[in-house]
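Engineer: Here it is: the structure, laid out below.
The values are calculated or read from the model by the stated rules, or taken from the named source; none is laboratory data. Owing to the predicted nature of the structure, the values given are computational and were not obtained by experimental measurement. When we count neighbours, we look across all protein chains shown, and the Cβ atoms used for this are built from the backbone with ideal geometry, even at glycine. Heavy atoms of the whole protein, side chains included, go into the accessibility calculation; ligands, DNA and RNA do not. Shrake-Rupley method; radii C 1.70, N 1.55, O 1.52, S 1.80 Å.
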Amino acid sequence: MTTLALVMIVKNEERHLSRCLQSVKGIVDEMVIVDTGSTDATKEIAYSFGAKVFDFEWVNDFSAARNYALMQSTCDWNLVLDADEYIVNDCKSIIRHFIETNEGVVGRIKRIDEFNQNGERRYAQSYLSRLLPKGVTYSGRVHEQVDSPFPRKNVNVEVYHDGYVHTNKTERNLNLLLQELKQHPTDDYVLYQVGKQYKLLQQLNMAEKYFEESYRLVPLHAWYRHSLVIDYLYTMTVNRSFEQGLQVIAIEQKRLDDSPDFHFACGLFYMDAIFCHTDRYAHLFPLIERCFIRCLEIGETEKYDRVRGTGSFLAAYNLGVFYEVTGQIEKAVHFYKRAAHEEYEKAVGRLNKLLRK
């Protein structure tokens, strides 16, 4: 029978580790956990689940730690998870079928990231290469990537991740990425990740600088190009780099016409541009409505990494706001109801206010 190991690197994860291991204990044949210096009960928790625990001296290199962990696995396939992730769907038979019927393929699982934005809880989803045949390894000091020519294939495994809410590792990640950038100054992926860390730190001028450099270099086929464009647009919106943003939109509008996140970002970009410089950008006003309608036409696609709601309730809510501001109350009520139907609280609030008038 084809065998599967859970492979993890951890440090001081007593808060999350049990939840993760509980979610996979009936799925994997072996648990391999490499500890990089815990001072809490992490190791004891790992042992309680029957895991094989190994020590690894931290050398500021995630790939080195992950590759050491992969070397300890005795199985045919490896499932790589972090301690603040856990499987949420019934997928044992799906995983078994995948590893028994595929060779020379890397499996991509769906991860749902919980994060806070403007005081609201939001959810982003992405597909990550985490089901690895034996021999596949990682490269990259931080935000490490699977280093393999094997094709990727999506697998119906859903993992929830709430680490962005409970921990902040941005400063650590930024320092490691800047070290990586010294060695590879024109690596478009590292440039993008540096920009993301500055964005998380709210140093948006720095973020825009690195996003711009990455955008200039990124290949059209790069798997993260879509996310780069979206992050770049949001940053230019806040920084009021409207002329540069319009150039990027013009370049990308045909290529990303099937992305709700792209049209959603464009809609917000146009709103801010008009608000800041009404005379200069008033001609963009009709495009706001068009963008959010296009989001709803596309819907919640699986083609791209995305934020949940940009193809449904978030777009509907923004259409409600657009129609309310322009005095089209009947249309506003319609779209607020559409968003409220998906339990979006801001839409419920606006709807109640309008219906009381």
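Engineer: Looking only at residues in segment 171-205 that are within 19 Å of Gly119 (Cα to Cα) and among the polar types (S, T, N, Q), which one is surrounded by the most Cβ atoms within 10 Å (Cβ to Cβ)?
Structural biologist: Only one residue tops the list, namely Gln203.
Engineer: All but one of (1) closer than 21 Å to Phe262 by Cβ; (2) open to solvent by less than 20 Å² (accessible area, probe 1.4 Å) hold for Ala332, so report the exception by its number.
Structural biologist: (1)
Engineer: Go through the residues of segment 253-267 one by one and say whether even a single one is modelled with pLDDT of 95 or more, open to solvent by 40 Å² or more (accessible area, probe 1.4 Å), among the aliphatic types (A, V, I, L, M) and within 27 Å of the chain's Cα centre (by Cα).
Structural biologist: Within segment 253-267, none of the residues are modelled with pLDDT of 95 or more, open to solvent by 40 Å² or more (accessible area, probe 1.4 Å), among the aliphatic types (A, V, I, L, M) and within 27 Å of the chain's Cα centre (by Cα).
Engineer: Which one of these does Ile33 not meet: (1) touching a residue at least 40 places away in the same chain (Cβ under 8 Å); (2) buried (at least 20 other Cβ atoms within 10 Å of the Cβ)?
Structural biologist: Failing condition for Ile33: (1).
Engineer: With respect to Ser63, is the statement that it is polar (S, T, N, Q), touching a Ser or Thr at 6+ places or on another chain (Cβ under 8 Å) and surrounded by 15 or more Cβ atoms within 10 Å (Cβ to Cβ) true?
Structural biologist: Yes.
Engineer: With the requirement that a residue be outside any helix (DSSP H, G or I), of a type in the set (Gly, Ala, Ser) and surrounded by 18 or more Cβ atoms within 10 Å (Cβ to Cβ), what does segment 268-315 give you?
Structural biologist: Those that are outside any helix (DSSP H, G or I), of a type in the set (Gly, Ala, Ser) and surrounded by 18 or more Cβ atoms within 10 Å (Cβ to Cβ): Gly309, Gly311, Ser312.
Engineer: Looking at segment 229-242, which of its residues are closer than 15 Å to Cys266 by Cβ and part of a helix (DSSP H, G or I)?
Structural biologist: Once the filter is applied, which keeps residues that are closer than 15 Å to Cys266 by Cβ and part of a helix (DSSP H, G or I), segment 229-242 yields Val229, Ile230, Asp231, Tyr232, Leu233, Tyr234, Thr235, Met236, Thr237, Val238, Phe242.
Engineer: Can you tell which of Thr237, Thr301 is modelled with pLDDT of 95 or more, β-branched (Val, Ile, Thr) and within 27 Å of Tyr336 (Cβ to Cβ)?
Structural biologist: Checking each option against the conditions leaves just Thr237.
Engineer: From the list Glu85, Glu57, Glu44, which residue is of a type in the set (Asp, Glu) and out of contact with any Gly (no Cβ under 9 Å at 6 or more places or on another chain)?
Structural biologist: When all the criteria are applied, what remains is Glu44.
Engineer: Right, next: Tally up the residues in segment 260-279 that are more than 16 Å from Met236 (Cα to Cα) and free of Cβ contacts under 8 Å to residues at least 24 places away in the same chain, please.
Structural biologist: Final tally of qualifying residues: 2.
Engineer: May I pose another question? Under 6 Å by Cβ, and 6 or more places apart or on different chains, what pairs join a residue from segment 85-105 that is at positive phi and without any contact (Cβ under 8 Å) to a residue 40 or more places away in the chain with one that is open to solvent by less than 30 Å² (accessible area, probe 1.4 Å) and not aliphatic (A, V, I, L, M)?
Structural biologist: Once the first residue is at positive phi and without any contact (Cβ under 8 Å) to a residue 40 or more places away in the chain and sits in segment 85-105, no partner that is open to solvent by less than 30 Å² (accessible area, probe 1.4 Å) and not aliphatic (A, V, I, L, M) comes close enough.
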